[in-house]
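None of the figures in this text is laboratory data; all of them are computed from the coordinates on show. Computed from a predicted model, the values in this text were never measured in an experiment. Glycine also receives a Cβ, built like all others from the backbone with ideal geometry; neighbour counts cover every protein chain displayed.
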Amino acid sequence: MSAPNPDKIAILLVAAGRGARMGEGPPKQYRELGPRSVIASAVAALRAAAPQARIWPVIHRDDFELYAAAMGALAQEVAAPVIGGATRQASVRAGLAAMAGEPPDLVLIHDAARPFVSAALVARAIDAASRHLAAIPGLAVTDTIKSVDAAGFVTGAPPRAHLRAAQTPQAFKFGLIHAAHQAAFAQGLDDMTDDAALASWAGHAVHVFEGEAGNMKLTHPADFSAKAARSLEDLPDIRIGQGFDVHACGAGDHVWLGGVKIPHAHGLVGHSDADVLLHALTDAILGALADGDIGQHFPPSDPQWKGAASDRFFRDAMERVARRGGMVAHLDGTLICETPKVGPHRETIRASIAGIAGLPLDRVAVKATTSEKLGFTGRGEGIAAMAMATVRLPAA
Ligand code: MG
């Protein structure tokens, strides 16, 4: 499939749930989150990410007033709400049916309870669905997952390396997911967990692209206090963390710096991919959180990190910030080496780090210096990196 026409992308916003886990009060998508409701925040984020895409909200039949109040003027910017069904699957099916009169090329199906969706994530969803037809964001799982029996005893632990926590937006070629929904319904299936499960059931391979730790689903009341900060101003506890790392030069024909592969006369020695800059930045974030260091969370003695891409470590640190309800305000890294010359790659590295972090470019700095041929970096025996991170956390 060629690149989709941006005018032919639609977003189905699932907002028909009742939010049983939220306790008393209106469903979570209609609750306030800073100056706006959750659903209005989600719509604003999606409009900023994909201005051309038409957004189709699907709501519960009892919620028209809540919807109108929660959306305000934003209601004019989206399609008229579609009435959902008794299950998530039924609600998505209703939304897809509403779109089918003038079908889009691609449809992104997103939960209204994930209001922190970023433009970068939406772009990845569109790109992945264009190439793979069915694609979902997934996050590597850092906790060890156990399966248990009815009595609460452990029955197994699936290998963590193969596990991903699924997020939305899940993105599909419209015809594929529409047909899958119709086929499932025709066979009496009406309660599948998500659209990826439905696409798999219909026999389609579902690609998993990198999700975002910040793209959390608001589920419990506590999510609204600690995790619901919408801007840095809401986070008064300002932390500065620093990181430092060194890797020795060795055999190879490239180095990884800030998630960018740079051809070079030698490589860097390390248990992982030896991305010295991402390691320093990861430690800077962990330092701001006072939450250990990279070696503690990802011991070099653990074979599963052998050759690992270091964005894995960096994303874990970002996820720790999100779990604390915080945000990273700024990252600043300095590479210390004679070669490779960093200048020609500086903006690529900067964009790479901003992309992995989900931060605007103007909050990410990459600098480089030599050590005037002095010391181990000056003699080309290794590359060093220093980093600082500003992290903002909710009031304790
Ligand atoms: Mg290191």
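Some points to look at:
- Using a cut-off of 28 Å between Cα atoms, the listed pairs 173/306; 8/28; 261/367 include 173/306; 8/28 as exceeding that distance.
- Between amide H atoms placed 1.01 Å from N, distances below 5 Å from residue 207 occur with 134, 135, 136, all of them 5 or more places distant or on a separate chain.
- The range 52-126 and the range 184-223: distance between their alpha carbon centers, rounded to Å: 15
- Cα gyration tensor category, rounded, prolate or oblate, for the range 195-343 with a/c compared to 1.5: oblate
- Signed unit charges on C-beta, dipole axis of the range 247-396, positive-most listed residue 294, 259, 358: 358
- For a modelled paramagnetic label at residue 87, 7 Å from Cα along Cα-to-Cβ, the residues of the range 168-210 in reach, with backbone nitrogen under 14 Å, are 181-199, 201-202.
- Summed residue charge, Cβ within 10 Å of residue 332's Cβ, Lys/Arg positive, Asp/Glu negative: +2
- Antiparallel %, DSSP beta bridges [both residues in the chain], to 5: 60
- Neighbours of residue 251 by Cβ distance under 15 Å: Lys/Arg scored +1, Asp/Glu scored -1, total -3.
- Using θ = phi - 60° and Karplus 6.51 cos²θ - 1.76 cosθ + 1.60, couplings along the range 101-106 (whole Hz; Gly, Pro as x): x, 9, x, x, 6, 10
- For the peptides 330-336, 347-353, 265-271, the ranking by mean Cβ contacts within 10 Å, running from highest to lowest, is 330-336, 347-353, 265-271.
- Taking every DSSP helix (H) stretch of at least 4 residues in the chain, weighting each as -39,500 (n - 2.57) and dividing the sum by the residue count yields a mean residue ellipticity at 222 nm of -8500 deg cm²/dmol.
- Point-charge dipole on Cβ atoms (K/R +1, D/E -1) for the chain, about Cα centre, debye to 20: 200
- Dipole moment magnitude, nearest 20 debye, the range 46-113 about Cα centre, only Lys, Arg, Asp, Glu C-beta charged: 120
- Listed peptides 54-60, 95-101 by packing density, highest first (mean Cβ within 10 Å): 54-60, 95-101
- Under 5 Å between amide hydrogens, built in the peptide plane, is the criterion, and for residue 365 it picks out 331, 332, 333 among residues at least 5 positions away or on other chains.
- Sequence ranges 132-139, 233-240, ranked by mean other-Cβ count within 10 angstrom, highest first: 132-139, 233-240
- The simple spin-label model puts a point 7 Å past each Cα toward its Cβ; for residue 52 and residue 77 those points are separated by 1.8 nm.
- Most positive-pole-ward Cα, 135, 213, 396, against dipole of the chain from beta carbon charges: 135
- Shape call, the chain: gyration tensor on alpha carbons, a/c limit 1.5: prolate
- Taking Cα centre as origin and charging only the Cβ of basic (Lys, Arg, +1) and acidic (Asp, Glu, -1) residues, the dipole magnitude of the range 1-151 rounds to 160 debye.
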